[in-house]
Every structure is written in C-alpha cells, then in structure tokens.
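The values are calculated or read from the model by the stated rules, or taken from the named source; none is laboratory data. All values reported here derive from a predicted model rather than from experimental measurement. With ideal geometry, Cβ positions are generated from the backbone for all residues, glycine too; neighbour counts draw on all protein chains shown. Calculation scope for accessible area: heavy atoms of the full protein, side chains included, ligands and nucleic acids excluded. Shrake-Rupley method; radii C 1.70, N 1.55, O 1.52, S 1.80 Å.
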Amino acid sequence: VLGSWKLSSENKEETADVLQGIQQQLGDPTYILSDLSQALGEAARKVFPNVQQKKCHFHFLSDVGEDLCGPPQKKLCKAMRAHKLQNRLKTLRVDLRRQLLKGCRQRQESPRLYECLQGHVPTDLNPRILQQQMLLNIHEWIADYGSDGHREGYPFDPFFLYFHRRLQEGRHVLKEILSQADVKSNDFLALRNLHQRLEHYLNDSKVQQAAREFEEAHGYLQRLRQALRLPPDEESSTPRSEPYDLPGGQAEVIVDRIDAFAGKLREELSDALPSQKRCIQIILQHIEKYGEQLQLVSLDEHNETIGIPRTTNAIEHFFRLLKRLRRRVHGRGNLRRDLLHLPPELPLITNLTNPIYLQ
C-alpha cells in the first residue's frame with residue numbers, strides 16, 4: 001500500500017482532490033484501473049487527462065449480467081409469487097420435520113430410506129413414515145438450490161433460475177417414483193399432491209416464458225464470459241477475490257476475442273427473436289461504450305512472468321480484509337465508528353507483513 005485516503009462520499013470533487021494529492025506525491029500512473037464509477041472516471045480525467053483509463057473486466061461483466069438477467073428474473077419472480085410456491089414448500093418442510101421428530105420421540109420405527117433406495121424394502125415398514133422421509137429429502141434438496149452456484153453472487157449465480165431448475169428436476173423425480181407399480185396407492189397421496197403442485201407451476205405459460213428468457217439471457221452472459229476468459233473458478237472458495245490476472249502477452253488476445261464475439265453477435269442480430277435481440281443489443285451497447293477501456297496494458301512487454309492486472313478484485317478483497325480485522329477487535333458488525341475515527345493511514349500497517357517492503 002503506497003497511500004490511503006478517506007472520502008466522505010465518492011463524488012467527483014472530493015475524489016479529484018484526493019487524486020491531486022496522489023499526483024503530487026507519486027506523479028502520474030502508467031494507467032488507471034477502476035470499476036464503472038462515473039464520478040471516479042470524471043475525476044481521473046480531470047486530474048490525469050493524459051493517462052489511460054481502464055475498466056475492471058469483472059465489474060463490466062457483472063454490469064452486463066445485471067442488465068441481461070434483471071428483467072427475466074423479475075418476470076420469473078412475479079410468476080412464481082403468484083403460485084405462492086416458496087412459502088408453501090417452506091411450510092410443508094417444517095410440518096414434515098415436526099411429524100418425523102414426533103415419530104422418533106414416540107419410538108416408532110425409524111424410516112430406512114436408503115435401504116429402500118437400494119432395493120431392500122422391509123415388509124414391516126410403515127409406508128406413511130417412508131413417504132414422509134422421501135418428501136422431506138426432496139424438499140431439502142430443492143431448498144439447497146444455492147449450492148448449484150460457485151459462490152460468485154448475482155448475476156453470476158442466478159439463484160431464481162437454480163431454484164426453477166430444481167423444481168423441474170423434482171417433478172421428474174416424483175414422476176419416476178409415482179410411475180412404479182408398487183406405489184400406486186393412497187399411502188403416497190402426499191407425493192402425488194406435491195407432484196401436482198409442481199405440475200401446476202411448471203405448466204404455467206408465464207412461468208415457462210420467463211424461465212426461457214432467463215435461460216437465454218444467462219446463456220449470453222456465459223458466452224461473453226468465455227470471450228473475456230473469466231470462467232468460474234470451481235476450486236476457489238472466494239472467487240470474487242480472485243484477481244484473474246492474465247499471463248504476459250495475452251492483452252491482444254483478449255481484445256481480439258471481444259471483437260470476434262461482437263462481430264458474431266452482429267451477424268446473429270438479423271435472424272434473432274425479440275428476446276434474443278434484447279440480449280444482443282445490451283452486450284453490444286456495453287462493448288461499444290467500454291470497448292477501448294477494456295483493452296489491457298502489459299506492465300512489462302519483455303517479461304512474460306508479470307501478469308496483466310485487469311480487475312479490481314484484489315484491492316476490494318484487501319478492503320474487506322481490513323474490515324474483518326477490525327471486527328475481530330471488538331466483534332461489532334457495524335464499522336461506521338471505526339471508519340469515522342481511525343486514521344486513513346491504517347492500511348499501511350499491513351505493509352509490515354510484506355518482506356519486500358520491510359527490506
């Protein structure tokens with residue numbers, strides 16, 4: 001950390017004052033990498049008129065994703081709310097847990113679901129208890145839709161879409177269970193009711209249209225993500241903190257990939273459906289607006305080992321680390337008083353863990 005300042009708000013005037021202080025102490029930077037903040041961009045142009053401004057690829061992709069997935073997500077949410085499905089499933093899940101717990105306390109036979117799934121069905125097993133645990137397992141699996149993501153948050157993890165997909169798969173599982181000859185009895189009426197409820201929801205034309213548009217928008221976001229070479233990192237537990245630096249010499253490759261992707265979208269535009277045209281136009285508008293600022297700058301063209309910074313994730317992760325260290329001191333979640341009263345030089349303390357800085 002070379003310097004740290006406190007801002008009451010991220011407005012153009014106050015940000016420009018800070019940047020002028022940076023200029024006096026450190027001179028002009030090679031280039032500026034920032035998020036999509038308009039105030040920060042205007043302040044940087046005012047203080048550093050001859051310095052290139054580059055935008056964070058991760059923020060750019062997130063901004064495109066919110067514009068792509070926002071409308072279909074609202075549409076799907078509205079259609080889902082009309083069926084009151086989430087509340088009903090939650091209520092049923094609570095009731096099932098209570099019934100099974102009550103059965104255990106009364107020392108009834110414990111449901112051996114996994115034995116049944118392996119084909120070893122005890123003849124003395126109460127079908128009602130088996131049905132309750134089967135239902136609870138299906139409910140718990142549907143409720144765990146968030147695990148389908150990669151801990152990247154919206155829009156990279158479209159949770160409403162994940163939930164809808166699990167409802168589709170849940171209907172398929174119930175259909176398979178109910179199609180078996182030995183379960184066509186009133187003992188499994190609750191399974192039939194859940195299957196009927198999911199059928200009613202999934203056969204709704206508004207739900208189908210919203211889900212189709214959501215899948216479409218998410219697909220375009222994934223295509224842009226591949227063009228930018230920002231794939232989900234399944235091994236990372238904190239993907240939003242990954243810098244996604246590129247190897248040296250890859251700057252032109254990314255620019256070529258973006259140009260090629262934009263050209264392909266323009267070709268698809270003439271034959272696209274209305275929902276597809278909306279997605280294509282959103283992406284092209286963002287590329288045209290930020291295209292030049294998405295071009296990368298190599299810090300050392302002759303050194304292939306130096307990565308090319310292209311996201312602000314590392315510095316934002318650093319700020320979150322500072323806040324986490326403060327919470328360890330007093331345990332409070334709200335850091336307003338800390339930010340007001342602690343000196344702006346506080347982040348410089350972290351340099352004491354950097355051996356190069358100490359040397």
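For region 296-332, how many residues are in contact with a Lys or Arg (Cβ under 7 Å, 6 or more places away or on another chain) and modelled with pLDDT of 90 or more? It would help to see each step written out before you state the result.
Step one: list which residues in region 296-332 are in contact with a Lys or Arg (Cβ under 7 Å, 6 or more places away or on another chain), which gives 296-297, 313.
Narrowing the set further to residues that are modelled with pLDDT of 90 or more leaves 313.
Of the residues in that region, 1 qualify.
Residue check: is Glu199 among the acidic types (Asp, Glu) and either touching a residue at least 60 places away in the same chain (Cβ under 8 Å) or buried (at least 18 other Cβ atoms within 10 Å of the Cβ) (or both)? Spell out the reasoning first.
On the way: among the acidic types (Asp, Glu): yes; either touching a residue at least 60 places away in the same chain (Cβ under 8 Å) or buried (at least 18 other Cβ atoms within 10 Å of the Cβ) (or both): no.
For Glu199, the condition - among the acidic types (Asp, Glu) and either touching a residue at least 60 places away in the same chain (Cβ under 8 Å) or buried (at least 18 other Cβ atoms within 10 Å of the Cβ) (or both) - is not met.
Kindly indicate whether any position in region 6-25 is under 32 Å from the mean Cα position of the chain (by Cα), assigned to a helix (DSSP H, G or I) and either among the polar types (S, T, N, Q) or within 30 Å of Ala227 (Cα to Cα) (or both).
yes
Which pairs turn up if I take residues in region 88-104 that are under 15 Å from Met134 (Cβ atoms) and look for partners that are modelled with pLDDT under 70 with beta carbon separation below 8 Å, at least 6 apart in sequence or on another chain?
From region 88-104, the pairs are Leu100/Pro111.
Please specify each residue of region 306-338 satisfying the condition of being more than 27 Å from the chain's Cα centre (by Cα), surrounded by 13 or more Cβ atoms within 10 Å (Cβ to Cβ) and over 29 Å from Ile254 (Cβ atoms).
Asp338
Determine if region 89-100 includes at least one residue that is at pLDDT below 80 and either open to solvent by less than 60 Å² (accessible area, probe 1.4 Å) or outside any loop (DSSP other than H, G, I, E, B) (or both).
For region 89-100, residues at pLDDT below 80 and either open to solvent by less than 60 Å² (accessible area, probe 1.4 Å) or outside any loop (DSSP other than H, G, I, E, B) (or both): present.
So how many residues does region 5-32 have that are over 21 Å from Pro344 (Cβ atoms) and surrounded by 14 or more Cβ atoms within 10 Å (Cβ to Cβ)?
Total meeting the criteria: 1.
Of these, Glu292, Glu267, which one is free of Cβ contacts under 8 Å to residues at least 40 places away in the same chain and within 22 Å of Cys56 (Cβ to Cβ)?
The match here is Glu292.
Against the conditions (1) touching a residue at least 12 places away in the same chain (Cβ under 8 Å); (2) in a helix (DSSP H, G or I), where does Asp259 fall short? Just the number, please.
The single condition Asp259 does not satisfy is (1).
Go through (1) among the polar types (S, T, N, Q); (2) touching a residue at least 12 places away in the same chain (Cβ under 8 Å); (3) open to solvent by 60 Å² or more (accessible area, probe 1.4 Å); (4) farther than 30 Å from Glu215 by Cα for Gln281 and report which single condition fails.
Exception for Gln281: condition (4).
For region 240-271, name all the residues that are touching a Leu at 6+ places or on another chain (Cβ under 9 Å) and within 28 Å of Gln209 (Cα to Cα).
Phe261, Ala262, Leu265, Arg266, Leu269
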